[in-house]
Amino acid sequence: MAKVTRDDVARLAGTSTAVVSYVINNGPRPVAPATRERVLAAIKELGYRPDRVAQAMASRRTDLIGLIIPDARQPFFGEMAHAVEQAASERGKMVLVGNTDYVGEREVHYLRAFLGMRVSGLILVSHALNDLAAAEIEAWDARVVLLHERPEAIDDVAVVTDDLGGAQLAVRHLLEHGYDYVACMGGTAETPSVGDPVSDHVEGWRRAMDEAGIPTGGRLFEAPYNRYDAYRIALDILSGPRRPPAIFCSTDDQAIGVLRAARELRLDVPGQLAVAGFDDIKEAALADPPLTTIASDRSAMARAAVDLVLDDGLRVAGSRRERLKTFPSRLVVRASCGCE
C-alpha cells in the first residue's frame, strides 16, 4: 500500500496542503472550524501519520519538552515529573527527563543534550544552577521555565509554591498543640540560601517561632532531603538528652525517616514526639502514623509550567512579580501532630 501523503489529505478534504499543515500544527494561521473538521475527517479516513522528524527539521523544534530534575527516586520529584508528563500530553507534547543527582556537571550535560535535540522548551527543577549552566541557557536563547525552585543564576519565569508561608502554617499548628518548642530538620550546608524551597521552609520555621517568642538557637538540624539520611540523623537527635517535643521537617521524605527512627526507639508519635512535614507526597497518608504536612497543587503547577514554556510570549521582558507564579500552600492535618 502506498504511503499516505499530505497531498492525499488535502485532495480528500478539498483544501490546500498549507491548510492541512495549519490543522496538524495548530497554526500559525487559523483555520475555519468546518474546514478543520473536514481535514481531521480526511486524516482519520486515510490513516495519515505526520512525519514528525521532517516537521522538526522544518520548524527547528520538536514536540518534546525537556524536564531536568534532581532525583526521580525521591517521591516528590517523581510525582512532579508525572504531573508534567500528563500536562504535556494534554498539549500534544512528550517529555524527556534527566536526573542530575544534584551534580552541576550532569545538569549541564542534560541542558546541552536537550537543547541540541531542539526541544520546544525546558522545565528546570534546579537545586543550585551554576554559572556554566546559566551560560548554556543564555547561549541557546532557550525557552525555560523554573519549577519548584528559582536559583539566583538566571531570572527566567518561575512556578513555585508559597514555601515560606506553608512552613509557617505547619509550625504554628504544632505550637498550637502546646509543645514547648518545635525543632526543624532543614537542608545541608550546600543548600542555597536564596531561591531554594528548603531555605524558605527553614525561614518560615524561624518566623513562626519568633512570633511565639520562642528561641531557635540549637534547634535547627542539618540533613539531606531523603528519608535514609534523615533516619540516621534522627536516631542521634531522638536518642540524645535534649530530644525535642515536636519537629518540623522540610520534606515529607525526611519526616518519614524521622517516623522510622522514632518507631525504632519505641517513641510514641505523637504522644512523645509530634512530627510534621512538607510536600504531601502520596506516601504521607500511609505513614505510621499518617503524616501532617503542607500540600500544594502539583498538577496545577505542572500545567502552568507547561503552558508557560510553550507560550510564544514567554521571553518577553516583565517585572519579577509578573515572572513569578506562586501557588498557595495548605495544611493537611493527620495523626502525627496529635490531632487524631
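When Rg and Dmax of the Cα atoms in Å is computed from the coordinates, the matching label among (i) 24.3, 83; (ii) 25.0, 94; (iii) 21.3, 65 is (i). For the range 61-182, the mean projected area of the C-alpha convex hull, equal to one quarter of the hull surface, is 8.9 nm². To put it simply, the accessible area of the chain at a 1.4 Å probe is 50 percent carbon and sulfur.
Treating each Cα of the range 204-340 as an identical point scatterer and summing with the Debye formula, the log10 of I(q)/I(0) at q = 0.13 Å⁻¹ comes to -0.65. A Cα-only calculation for the range 1-49 places Rg and Dmax at 9.9, 33 Å. Each peptide in 196-202, 295-301 was scored by the mean count of other Cβ atoms within 10 Å over its residues; highest first, the order is 196-202, 295-301. With point charges of +1 on the Cβ of Lys and Arg and -1 on the Cβ of Asp and Glu, referenced to the Cα centre of the chain, which listed residue (Leu310, Asn26, Tyr225) lies farthest in the positive direction of the dipole? Value: Asn26.
The values are calculated or read from the model by the stated rules, or taken from the named source; none is laboratory data. These numbers come from a predicted model, not from an experiment. Using ideal geometry, Cβ is built from the backbone for each residue, glycine included, and neighbour counts are taken over all protein chains shown. Please note that ligands, DNA and RNA were not included when accessible areas were found on the heavy atoms of the full protein model with its side chains. Shrake-Rupley method; radii C 1.70, N 1.55, O 1.52, S 1.80 Å.
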